[in-house]
Amino acid sequence: MKKMLIALSALVLISAAASAQMNPTARGIVVQPAANNTAPTGIPGACSPCLWYSGDSDPANPFFDGLFNADALGLSIKAQTWVPFIAASDGNPLHKHVLISAVTFNELTTTPNTNPPADFAGMTYAFRTVVLSGNGGKLGKHGTCPATSVVYTGQSPSGFNEYSYTCNLALKPFKVTVGTIYWVNVTPTFSVSNYAYLSNAIDVPGLNQFGWSDDFYNSFFDSTYFGATFEPTQNVDFNGLGEFSVAIAGTYTL
């Protein structure tokens, strides 16, 4: 049962990891919407001013999937998916940092379509650096989200409803350094029977991708319940878990 719960799909396709390689020189740069995109309409509304959106989930893609990311208190299941990002320069040499004011995770949730899900009980957030396989690296700013929003995206694939879960940090933004890689996690909590999967952003380039470039095949899955300690997500399930649907809002600063 545990293995079935980790990802939405039980289908393992080893070729998926090999078929969507990323040019390593693309890391840490700003990208503009590609020709196959319809940006910026897919950017979550809570991402404002939006600096990065990795892209929409795409249920029409045969490799569409999601990875468990929730604290399901009623089921005693907790798992976290950690997603990397690199703040790119805005072209102003004086702007060496970014103040992150909000983080959004698009998640597929078992609840009926209600806003928010009936047993939603808040969110936690955390940032890390120097994460490696089997090693969570250094834990940075973390805690309970001071303010949250949960908005139905309108997508309901595979019997799940997708929501944009946003952790608002505007009152106490987190300062990151331009050009440095960080990992972020937002974990929604459910008090009774619901749980959620972080949607993958399977398309390359991502549908409606905006801002900083995506860092493919560098996410990690951590869960005592599933027996995983910062396991590379492509090792957990090969069904296209190279990137996830995440957005970051903020402003540049000195």
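Points to keep in mind about this one:
- Tally of residues being surrounded by fewer than 22 Cβ atoms within 10 Å (Cβ to Cβ) and assigned to a loop (DSSP other than H, G, I, E, B) across the stretch 217-227: 6
- Boolean, N36 is more than 15 Å from the chain's Cα centre (by Cα), exposed (fewer than 14 other Cβ atoms within 10 Å of the Cβ) and either at pLDDT below 90 or not in a strand (DSSP E or B) (or both): yes
- A88 vs. criteria touching a residue at least 12 places away in the same chain (Cβ under 8 Å) and crowded, with 21+ Cβ neighbours inside 10 Å: no
- Filter result for D203 (modelled with pLDDT of 95 or more, in a loop (DSSP other than H, G, I, E, B) and either in contact with a Leu (Cβ under 6 Å, 6 or more places away or on another chain) or under 23 Å from Q234 (Cα atoms) (or both)): no
- The strands (runs of 3 or more DSSP E) found entirely in the stretch 51-106 that carry 1 or more residues being at pLDDT 95 or above and in contact with a Leu (Cβ under 8 Å, 6 or more places away or on another chain) are 66-68, 77-86.
- Taking the criterion of being surrounded by fewer than 21 Cβ atoms within 10 Å (Cβ to Cβ) and touching a strand residue (DSSP E or B) at 6+ places or on another chain (Cβ under 7 Å), the residues of the stretch 231-253 that qualify are E231, P232, T251, Y252, T253.
- Residue match in the stretch 231-245 (condition: more than 18 Å from G66 (Cβ to Cβ) and in contact (Cβ under 8 Å) with a residue 12 or more places away in the chain): no
- One residue stands out in the stretch 179-195 among those that are within 12 Å of the chain's Cα centre (by Cα) and aliphatic (A, V, I, L, M): the one that is surrounded by the most Cβ atoms within 10 Å (Cβ to Cβ), namely V186.
- L51 being more than 20 Å from D215 (Cα to Cα) and aliphatic (A, V, I, L, M): no
- Any hit, the stretch 125-137, residues being more than 22 Å from V176 (Cα to Cα), among the basic types (K, R) and buried (at least 18 other Cβ atoms within 10 Å of the Cβ): no
- Test for V103: is it surrounded by 16 or more Cβ atoms within 10 Å (Cβ to Cβ), more than 13 Å from T180 (Cβ to Cβ) and of a type in the set (V, I, T): yes
- Scope the stretch 228-254; condition in contact with a helix residue (DSSP H, G or I) (Cβ under 8 Å, 6 or more places away or on another chain) and part of a loop (DSSP other than H, G, I, E, B); matching residues: D237, F238, N239, G240, L241, G242
- Single match in S158, S149 (criterion: among the small types (G, A, S) and farther than 20 Å from F64 by Cα): S149
The values are calculated or read from the model by the stated rules, or taken from the named source; none is laboratory data. What you are looking at is a predicted structure, and each value in this text was computed from that prediction instead of being measured. Please note: Cβ atoms are built from the backbone with ideal geometry, for glycine as well, and neighbour counts cover all protein chains shown.
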